[in-house]
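Okay, so here's the structure we're looking at.
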Amino acid sequence: MAAEVMLMNEIEATAAQMGIDMNIDFSSIQLPPGENCGIISDDDDVYHDDQLEFDSGFGNVIVVDNLPVVPREKFEKLEGVIRKIYSQIGVIKEDGLWMPVDPETKKTLGYCFIEYNTPQEAELAKEKTHGYKLDRAHIFAVNMFDDFDKYMKVPDEWAPPEIKPYTPGENLQKWLADEKARDQFVIRAGTDTEVLWNDARQSKTEPVYKRTYWTESFVQWSPMGTYLATVHRQGAAVWGGANTFNRLMRYAHPQVKLIDFSPGEKFLVTYSSHEPSNPRDANRVVINVFDVRTGKMMRDFKGSADEFAVGGAGGVAGNSWPVFRWGGGKEDKYFAKLGKNMISVYETETFSLIDKKSLKVENVVDFSWSPTDPIIALFVPELGGGNQPARVSLVQMPGKEELRQKNLFSISDCKMYWQSNGDYLAVKADRYTKTKKSTYTGFELFRIKERDIPIEVLELDNKNDKIIAFAWEPKGHRFAVIHGDNPRPDVSFYSMRSTHNLGRVAKLTTLKGKQANALFWSPGGRFIVLAGLKGFNGQLEFFNVDELETMATAEHFMATDVEWDPTGRYVATSVTSVHEMENGFNIWSFNGKLLYRILKDHFFQFLWRPRPPSFLTPEKEEEIARNLKKYSKKYEAEDQDVSMLLSEQDREKRRMLKEEWEKWVSEWRRAQEEEKLERQKLRDGEASDEEEEYEAKEVEVEEVLDVSEEVLSFEE
């Protein structure tokens, strides 16, 4: 300290000699904006902390209006009532409930502020209690505190909205007009997402668009292929365009985990699950329904995970997905959710419940919509220890009229499978034997489009066979079943139209001992791939159901996925990153010919781009099928041109290889000529390199490898 005082005295003495005034007002010195001369001020940290606190907003605060106005002696009682109501929804912060008081009358002002731990709890409290009836005279009006800033910015005078000039958008279906009639697909590998053409004629892919970190979890095509959806921390987005993929719309939903399109692509459903502030509480679920084109949120649903976990399988954190299932075909008229003892059916015109109430069904555990009509198939298990049988019911919407009911006895489990046109419904019923020690399986087959909806019972030849897989032929009347015991179960094919009786189911054939555990029908029917995935090491059999014959057998080792292209011309098999090796995909023809193979490290997804339904009438499609030779001439000529081009490319490749070989030989001959004198010296003057001037001599060399001595005994 003494040294510092002496140093300061020396500075002041030197300054006095030079005539410098040391009495400086440092507070009057101002640095240029943004300049700190390399010295960080302590005030900056304080300012930064203040900004963080300010920027966090008041998203966790609600304002509850229309409270009773009470004097101070009733203040504590009213506060207790409000705290009891709102503490059931979330954790109110310490000193987080405040009711302002009129300083003159000493009475409350009829509203209060409540601060929760999280914005999610505040939003849930607003949703649950807005409109809550405390008594006949007091109905709560609840708003988020942050909303008041929005209301304060409303101008005093109305001004007409700005009318923007119309600008035509891109043709989002231009990819369907590809001159080569190719299909697109999207793949994800590592951090890259790529959209590619399947150029099967050239046995390769053609790039369309590639982007790194395009999505944070997965991508998903819309049902008719118009949009590609990506998922991010802030929400979801859809992309599309004529020549490239531009972002068309964003849908704000923080921490979104799952998405689902309606069949007609009009709506997008997003899902997120949030950890509660109290570990004993269930996760909080948020589901939003957006208009795809405008990005407007049409309806939101919030609640505990338990409210969205009834029935179904899959999803996250025990929740079934999709939570909402769409009905009414491509018109997107209805969507429904399974609840406890009810099915809540909403219509999209007002996004409210049909008739403002749910469909009450005691103990209902599963339901599914017809793919084409507003018909719900629902399943109710046995009740009362078997005294009340299980049942499957068909209910017509919006009138909630029961079209058909089938009682099922001794049921242990039930699954429902709709045919793609909604013509048939197969109910797989697992039944207990009389001893209740084992089960067997049969099918109840509903003919939906026929009068009175007749039902037919089908049992396998060996009814004790385990059902491994079931699949309807798309747009057809046949179905396939894998049944029996692994590793070589049987595969049987059935038709809903027998040869002699169109109203009876008939077995077509059974294929014995197949290494298959999954069925993949062509989108056009007729052809099917019998696949042995995962534990079956990727065994593939391409089968023609019309001719009941195998077209080809093949293997894609460790294959995890099989997917037909939307036209039924090609099949993709892939090995995703669940396996560490051989990641990538193969493209096959419909009859099992391997066209090309692409290897990709850390391979996550392969998805064909769906096509919208054809605008052609069934009559026109039938006419094209009858005159296919006339229409195919153009494509046969194109195929021949491609074949000739490939032949020419092969010839050019062979010519280049021959030229490369001749060049290599020429270079070595030149090198041989240049080294001739050196070789002559090494041969003691021998000048010739010709082979015939050399004499080959054969020399035998004997070499002793080992010597051993053995004493043999001779017996007389």
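Observations
- Count of region 109-132 residues, restricted to those that are part of a helix (DSSP H, G or I) and under 13 Å from residue 82 (Cα atoms), is 2.
- Qualifying residue in region 174-182 (condition: touching a strand residue (DSSP E or B) at 6+ places or on another chain (Cβ under 8 Å), touching a residue at least 12 places away in the same chain (Cβ under 8 Å), within 17 Å of residue 240 (Cβ to Cβ) and loosely packed, with under 13 Cβ neighbours inside 10 Å): yes
- When 204, 210 are checked against the criterion of being of a type outside the set (A, V, I, L, M, F, W, C), surrounded by fewer than 19 Cβ atoms within 10 Å (Cβ to Cβ) and touching a residue at least 60 places away in the same chain (Cβ under 8 Å), 204 stands alone in meeting it.
- So residue 566, is it modelled with pLDDT of 95 or more and either part of a loop (DSSP other than H, G, I, E, B) or farther than 30 Å from residue 226 by Cβ (or both): yes
- Complete set of residues in region 380-397 that are farther than 15 Å from residue 336 by Cα and open to solvent by 10 Å² or more (accessible area, probe 1.4 Å): 381, 382, 383, 384, 385, 386, 387, 388, 389, 391
- Residue 437 vs. criteria charged (D, E, K, R) and either touching a residue at least 24 places away in the same chain (Cβ under 8 Å) or in the same structural domain as residue 507 (by the TED database) (or both): no
Listed here are the residues, each with its yes/no results for (1) over 30 Å from the mean Cα position of the chain (by Cα); (2) within 23 Å of residue 391 (Cβ to Cβ); (3) open to solvent by less than 40 Å² (accessible area, probe 1.4 Å).
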{"residue": "425", "(1), (2), (3)": "no, yes, yes"}
{"residue": "441", "(1), (2), (3)": "yes, yes, yes"}
{"residue": "452", "(1), (2), (3)": "yes, yes, no"}
{"residue": "461", "(1), (2), (3)": "yes, no, no"}
{"residue": "472", "(1), (2), (3)": "no, yes, yes"}
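- For region 439-542, the strands (runs of 3 or more DSSP E) that sit wholly inside it and include 3 or more residues that are closer than 30 Å to residue 402 by Cα are 439-447, 455-459, 467-472, 478-483.
- Members of region 347-364 found to be acidic (Asp, Glu) and either surrounded by 13 or more Cβ atoms within 10 Å (Cβ to Cβ) or in a strand (DSSP E or B) (or both), listed by number: 347
- Here residue 188 passes the criteria (1) open to solvent by 90 Å² or more (accessible area, probe 1.4 Å); (2) modelled with pLDDT of 90 or more except the one numbered (1).
- Yes/no for residue 599 being within 21 Å of residue 541 (Cβ to Cβ), in contact (Cβ under 8 Å) with a residue 12 or more places away in the chain and hydrophobic (A, V, I, L, M, F, W, C): no
- Test result for residue 335, assigned to a strand (DSSP E or B), open to solvent by less than 30 Å² (accessible area, probe 1.4 Å) and under 17 Å from residue 414 (Cα atoms): no
- Screening 344, 320 for residues that are modelled with pLDDT under 90, among the hydroxyl-bearing types (Ser, Thr, Tyr) and open to solvent by less than 40 Å² (accessible area, probe 1.4 Å) leaves exactly one candidate, 320.
- The single condition from (1) touching a residue at least 40 places away in the same chain (Cβ under 8 Å); (2) touching an Asp or Glu at 6+ places or on another chain (Cβ under 8 Å); (3) assigned to a strand (DSSP E or B); (4) more than 26 Å from residue 309 (Cα to Cα) that residue 426 fails is (4).
- Within region 231-270, being open to solvent by less than 10 Å² (accessible area, probe 1.4 Å) and free of Cβ contacts under 8 Å to residues at least 24 places away in the same chain holds for one residue alone: 237.
- Residue match in region 398-417 (condition: touching a strand residue (DSSP E or B) at 6+ places or on another chain (Cβ under 7 Å), surrounded by fewer than 17 Cβ atoms within 10 Å (Cβ to Cβ), in a loop (DSSP other than H, G, I, E, B) and touching a residue at least 24 places away in the same chain (Cβ under 8 Å)): yes
- One residue from 266, 337, 333, 360 being modelled with pLDDT of 90 or more, of a type in the set (Lys, Arg) and within 18 Å of the chain's Cα centre (by Cα): 266
- Extreme residue, farthest from residue 265 (Cα to Cα), among residues of region 213-228 that are surrounded by 18 or more Cβ atoms within 10 Å (Cβ to Cβ) and either assigned by the TED database to the domain that holds residue 577 or under 9 Å from the mean Cα position of the chain (by Cα) (or both): 219
- Residues that are surrounded by fewer than 16 Cβ atoms within 10 Å (Cβ to Cβ), under 20 Å from residue 199 (Cα atoms) and not hydroxyl-bearing (Ser, Thr, Tyr) are absent from region 543-557.
- Total residues in region 74-121, condition modelled with pLDDT under 90, within 18 Å of residue 140 (Cα to Cα) and either buried (at least 17 other Cβ atoms within 10 Å of the Cβ) or touching a helix residue (DSSP H, G or I) at 6+ places or on another chain (Cβ under 6 Å) (or both): 3
- Condition met for residue 167 (open to solvent by less than 70 Å² (accessible area, probe 1.4 Å) and in a loop (DSSP other than H, G, I, E, B)): no
- Given (1) at pLDDT 95 or above; (2) open to solvent by 60 Å² or more (accessible area, probe 1.4 Å), number of the condition residue 531 does not satisfy: (2)
- Within this structure, residue 481 fails the test of being open to solvent by less than 70 Å² (accessible area, probe 1.4 Å) and either more than 21 Å from residue 551 (Cα to Cα) or among the polar types (S, T, N, Q) (or both).
The values are calculated or read from the model by the stated rules, or taken from the named source; none is laboratory data. Since the structure is predicted, the reported quantities are computational estimates derived from the model, not experimental observations. A quick note on method: Cβ atoms are made from the backbone with ideal geometry, for glycine too, and the neighbour counts reach across all protein chains shown. Heads up: the accessible areas ignore ligands, DNA and RNA and are worked out on the full protein's heavy atoms, side chains in. Shrake-Rupley method; radii C 1.70, N 1.55, O 1.52, S 1.80 Å.
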